[in-house]
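S.K.: A single structure is presented below for examination.
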Amino acid sequence: MEMSRLGDAMGPAQVLHVCDSAAGLRGVVVVDNVAAGPSIGGVRMAPDVTTAEVARLARAMTLKNAAAGLAHGGGKGGIVADPRMPAAEKRRLIRSFARLISGLTGYIPGPDMGTDEEAMAHVQDEIGRAVGLPRVLGGIPLDEIGATGWGLAAAARVAAPEAGLDLEGARVAVQGFGAVGIHAARFLREQGARLVAASDSGGAVHNPDGLDLAALIAHKTGDGRPSVGSFAGGAAIDSDALVGVECDIWIPAARPDVLTAGNAPALKARLVLQGANIPATEEAERILHERGVLNVPDFIANAGGVICAAVEYHGGSESQAMQTIADKIERNVREVIDRSRAGSISLRAAALDLARLRVEEAMRYRMR
Ligand code: NAD
């Protein structure tokens, strides 16, 4: 369902614009839906962030949190600013934002593009609620432990056999060798798969016999953070060529809209695990579906991060978070594949049905 300018039956429940001229703050929070519980969603800091973008991301969080069966609705925050500003200025801005949204108890802020665990520590100090906190404040550092990559590996356990693949020996290509991509490759390696190609914003590398993962991670995280394109253990390839690399599992873990109608026909993989948010255009997803490529949608496959944040919020431990991520994502991927087969619909259509049904069911329990 397209949202009109004022939303639809699901939300938004509240939209709050905040402004503090003295601190140079302009921001917004969209609480999309709170039927399942207070909304969780990140605070995005970017010079060009808009209310419309925040509303779209808030809806995406409603669906992601509902699909994951969390006791949380979806929301999102936005601050119009350049995140590379001096630390003291950023701290002032974040604290001002937190104070102005303190009454919005249906929104629990988390980190997103341009904000991090330190920013969330300041939010927590101001208003007593935030997720994605530093470890000393009870946080579970989700990028350090690889929560989202772990969830992608859980998705692979269920989806690979459905795509006719054995994870033992399966060839993996990762676009975007960052927090999500590195950990996905690492956890899939533990299940017998091997990374044959990877890219980042600086280049791409390919080795059909398998890249030495530990050496590649050491290279990528070493001094000056060089690009994977300069890794000696494989051949440098053009970044655009990554889509057409011979492999079984393709993992987008970088930017939106990287799979398009133009390149989707060239994809060799039988399974796509969407680590990034909206990495494929609608047209690309239609092409993959028609070609019989199993394409596990973003808000099902990459929910590990928000599941981890919810476990943190409820006082759970790191090991509980990892177990919960595996349980929920395995179950969801199973259900989405079954629904898609039963209705002859794409995995995304099946996932949207599943999420909407869960939100609507939660809404029926709410009397106020
Ligand atoms: P990150 O910044 O750690 O890594 C992103 C990687 O992508 C970097 O290596 C960067 O060089 C690379 N990259 C950027 N542009 C590229 C391009 N054009 N081609 C190839 N590589 C490119 O970010 P991350 O936390 O790993 O997040 C990656 C994606 O996953 C984002 O879309 C994010 O919204 C999404 N996501 C992240 C999480 C999480 O837990 N971190 C959870 C859900 C979704």
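The values are calculated or read from the model by the stated rules, or taken from the named source; none is laboratory data. Quick caveat, the model's predicted, so the values are computed rather than measured. We place every Cβ from the backbone using ideal geometry, glycine too, and count neighbours over all the protein chains shown.
S.K.: Of GLY146, GLY178, GLY151, which residue is within 11 Å of the ligand (Cβ to nearest atom) and either basic (Lys, Arg) or surrounded by fewer than 21 Cβ atoms within 10 Å (Cβ to Cβ) (or both)?
M.R.: Just one listed residue meets the conditions, GLY178.
S.K.: From (1) assigned by TED's automatic domain parsing to the domain that holds GLY229; (2) within 16 Å of the ligand (Cβ to nearest atom); (3) touching a strand residue (DSSP E or B) at 6+ places or on another chain (Cβ under 7 Å); (4) assigned to a helix (DSSP H, G or I), pick out the condition that doesn't hold for ALA160.
M.R.: That leaves (2) as the condition not met.
S.K.: For the list (1) touching a Phe, Trp or Tyr at 6+ places or on another chain (Cβ under 9 Å); (2) under 26 Å from MET322 (Cβ atoms), I need the number of the one condition that GLY74 fails.
M.R.: GLY74 satisfies every listed condition except (1).
S.K.: Within segment 32-59, which residues are in contact with a strand residue (DSSP E or B) (Cβ under 7 Å, 6 or more places away or on another chain) and of a type in the set (Gly, Ala, Ser)?
M.R.: Matches in segment 32-59: SER39, GLY41, GLY42, ALA55, ALA58.
S.K.: Within segment 307-320, work out how many residues are part of a helix (DSSP H, G or I) and touching a Ser or Thr at 6+ places or on another chain (Cβ under 9 Å). So that I can check it myself, show each step before the final result.
M.R.: Of segment 307-320, the ones part of a helix (DSSP H, G or I) are 307-313, 318-320.
Retained after the next criterion (residues that are touching a Ser or Thr at 6+ places or on another chain (Cβ under 9 Å)): 307-308, 310-311.
Number satisfying all stated conditions: 4.
S.K.: Give me the pairs: first residue in segment 340-368 and buried (at least 17 other Cβ atoms within 10 Å of the Cβ), second residue hydroxyl-bearing (Ser, Thr, Tyr), beta-carbon distance under 6 Å, and six or more apart or on different chains, which are they?
M.R.: Every condition considered, the pairs that remain are LEU347/SER340; ALA350/SER340.
S.K.: Ok, one more. Provide a single number: the residues in segment 116-146 that are part of a loop (DSSP other than H, G, I, E, B), closer than 19 Å to ASN277 by Cα and touching a helix residue (DSSP H, G or I) at 6+ places or on another chain (Cβ under 7 Å).
M.R.: Going through segment 116-146 one residue at a time, the tally reaches 2.
S.K.: Follow-up question, since we're still on this one. Find the strands (runs of 3 or more DSSP E) located wholly in segment 182-282 whose residues include 2 or more that are under 23 Å from GLY146 (Cα atoms), and list them. Explain how you work it out, then say what you get.
M.R.: Values: elements: 194-200, 203-206, 235-237, 249-252, 271-273.
So the answer is 194-200, 203-206, 249-252, 271-273.
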